[in-house]
Amino acid sequence: MATKKRGSVLVCFSVWIISVIFVGMNVYAGEPVEGFADFHIHQMAEYAYAGAWYHGSHQGAESSALSKCTGGSIFGGDHARTIFGPLNEFLGKVPGSDGDTGWHFYKKYGYPDYTGWPRWDTIAHHQVWEGHLQQAHEAGLNLYMMSAVNFRPLCEVMPDKNRMPGLSCEDMASVDVQLQAALNFADQRDWVEIAESPEDARAIIHSGKLAMVLAIEVSELFVEGDWEEHLDFYYDNYKVRSIQFGHQMDNRFTGVAPHHFVFDLFQFLEDLRNGDDQLGFDLDENGKNSRGLTDEGKAMAQKMIEKNMIIDLAHVSEQSVSDVYNIVAENEYYPFNVSHGHLRSIMMDEKQEEEKTTSDETIGLIRKTGGVFGLRSGAEQVKTYTQSGVANNCDGSTKSFAQAYQYAVKGLKVNVTFASDFNGFIQQLRPRFGGSKETCGASGSRSTRNAQQDMQTNILGTEFDFQGFGHIGLEGDVIADLKNMGVDTSDLENSAETFIQMWERCYDTNRAGPLSTVDMDTTGIE
């Protein structure tokens, strides 16, 4: 009997060992994760634009990664000077800001005093240093999309002096450098790991690490050769799991959504250079780009579905959104997403005219597929959402973000994540305290600004109060500030799980759809 008993124990032990080996990372399959997600970060942006735009680094000692800078002269410098003089200032100039793309009449100080940067409007200074990324992780950031970005025309207007040796202005060459840097970054640290699947993401987060998902955002995507071979290459070799169809200019896959006059100009010049009959965007009677997905774009969408990739429709035309929806509907409502966007209905009238803003109708399509919307944090003035419970009395701050966030979750009822778009040429949430021209400054009116400043209460006691959303490490402070206002932030705080569930839907062979949107309520904006 003893022999049989020992044999039974050995069998049970062997079964347990085998189950451990084969289950492996599946131990956390389906178990909810904690923390929030950021759908769009350009962590490796110092390598974009041939290294000519951004000062600072994503890694290394704080003293060197966030060191002081000058910006240089019109003939070049340490960053962000263009050969067209004030062009870069038009990109950075917004109400309440001096524009921070390199026109430095005084030295911009970073470490150790931080009198110049990081701060909310520093669009030419690095905002995703690894120490700040760890700070965000400790505050609850557990998943983020690292998007390799480039835009050749913005690189070519930079003086040669600004460029890093060995770096190219070409989009895909720049992407290669950034993706390799991301792989190296994760490989050399024990607190961050690349997620190649939703199962990976769950296991990484449950182990206490930060999950990084890799993506690409460029205009000149797979310009030459067989796009399918390129797609396979980036999927297999660089672990890319999401690719935007377009960025700032039309390409072989899609038409894009116009939004800034600088990119209108670049599209015109590119068409002229290529000898195209159509110069500039082909706009319809409503000012929207009439170009949707090309045949190659439709084929790539189908191929991405077959590879269970995350479909991201940020920057594409509304016609392309419609085209993609038709494709995903034929694939049992495969989810599609907008990784970073503004909700059109809550924006001011002038901003609503930009096709790049996301309409309520598009949000409805995202919901029908089980997708996610990345809500851009930004410095803009917005309209008031009467159901927000937050006074809209500090234009461009977390109080503005609260209006958009509450409209998303209470009205549109769409799944939401952060979309900081750090290092993406955009200003961030403004400070609510400090009494300067930038505090509550998005309206551009001095009298409005002064009146709003006097209304601010509930100071956090961190640098966020006076510097605004200046770097990724302050993402937890955004949530804390919203909570101080009485906002229910549970949708944001649990957005890592929301993101993973969306990604799991990509793999689900029993997807149902369309999902119901009858509870959407677009009222309450004034």
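The values are calculated or read from the model by the stated rules, or taken from the named source; none is laboratory data. Every value quoted in this text rests on a predicted model; they were computed, and no experiment measured them. Ideal geometry is used to build each Cβ from the backbone, glycine not excepted, and the neighbour counts take in all protein chains shown.
Cβ separations smaller than 6 Å between residues 6+ apart or across chains give the following pairs from the stretch 464-484 residues that are within 10 Å of Gln127 (Cβ to Cβ) to residues that are part of a helix (DSSP H, G or I) and not β-branched (Val, Ile, Thr): His471/His132; Ile472/His132; Ile472/Leu133; Ile472/Ala136; Gly473/His132; Gly473/Gln135; Gly473/Ala136; Leu474/Phe464.
With of a type in the set (S, T, N, Q), touching a Leu at 6+ places or on another chain (Cβ under 6 Å) and surrounded by 24 or more Cβ atoms within 10 Å (Cβ to Cβ) as the only criterion, which of Thr439, Thr398 stands out? Even if it seems obvious, please write down each step before you answer.
Numbers: Thr439 fails: touching a Leu at 6+ places or on another chain (Cβ under 6 Å).
Criteria check complete, one pass: Thr398.
Being touching an Asp or Glu at 6+ places or on another chain (Cβ under 8 Å), free of Cβ contacts under 8 Å to residues at least 60 places away in the same chain and under 30 Å from Tyr144 (Cβ atoms) holds for only one residue in Phe233, Phe281, Phe253, Phe263, and it is Phe253.
Here is a yes/no grid of residues against (1) among the acidic types (Asp, Glu); (2) part of a helix (DSSP H, G or I); (3) surrounded by fewer than 19 Cβ atoms within 10 Å (Cβ to Cβ):
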site: Ala186; (1), (2), (3): no, yes, no
site: Glu193; (1), (2), (3): yes, no, no
site: Ala201; (1), (2), (3): no, yes, no
site: Met212; (1), (2), (3): no, no, no
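Figure legend. Inter-residue proximity from the stretch 419-438: first residues within 11 Å of Asp121 (Cβ to Cβ) and touching a residue at least 40 places away in the same chain (Cβ under 8 Å), second residues outside any loop (DSSP other than H, G, I, E, B) and polar (S, T, N, Q), beta-carbon distance below 8 Å, spacing 6+ or different chains. Indicated pairs: Leu429/Thr398; Leu429/Ser400; Pro431/Gln467.
Being over 25 Å from the mean Cα position of the chain (by Cα) and either modelled with pLDDT of 90 or more or within 18 Å of Phe464 (Cα to Cα) (or both), is that true of even one residue in the stretch 142-155?
no
Residues that are under 30 Å from Ala195 (Cα atoms) number at least 2 in the following helices (runs of 4 or more DSSP H) confined to the stretch 388-496: 398-406, 475-484, 490-493. Within the stretch 30-49, residues that are on the phi > 0 side of the Ramachandran plot sit with their Cβ atoms under 6 Å from residues that are in a loop (DSSP other than H, G, I, E, B), at 6+ positions apart or across chains, in these pairs: Gly35/Gly140. Of the set (1) at pLDDT 90 or above; (2) surrounded by 19 or more Cβ atoms within 10 Å (Cβ to Cβ), all apply to Gly71 but (1). If you go through the stretch 452-471 and pick out every residue that is crowded, with 22+ Cβ neighbours inside 10 Å and more than 27 Å from Gly424 (Cβ to Cβ), you end up with 0.
Of the residues making up the stretch 360-383, those that are within 22 Å of Leu429 (Cα to Cα) and in contact (Cβ under 8 Å) with a residue 40 or more places away in the chain are Val372, Phe373, Gly374, Leu375, Arg376, Ser377, Gly378, Ala379, Glu380, Gln381, Lys383.
Do we find a residue being among the hydroxyl-bearing types (Ser, Thr, Tyr), modelled with pLDDT of 95 or more and under 18 Å from the mean Cα position of the chain (by Cα) anywhere in the stretch 239-246?
yes
The residues of the stretch 319-328 that are surrounded by 21 or more Cβ atoms within 10 Å (Cβ to Cβ) and in contact with a Ser or Thr (Cβ under 7 Å, 6 or more places away or on another chain), listed by number, are Ser320, Val321, Val328.
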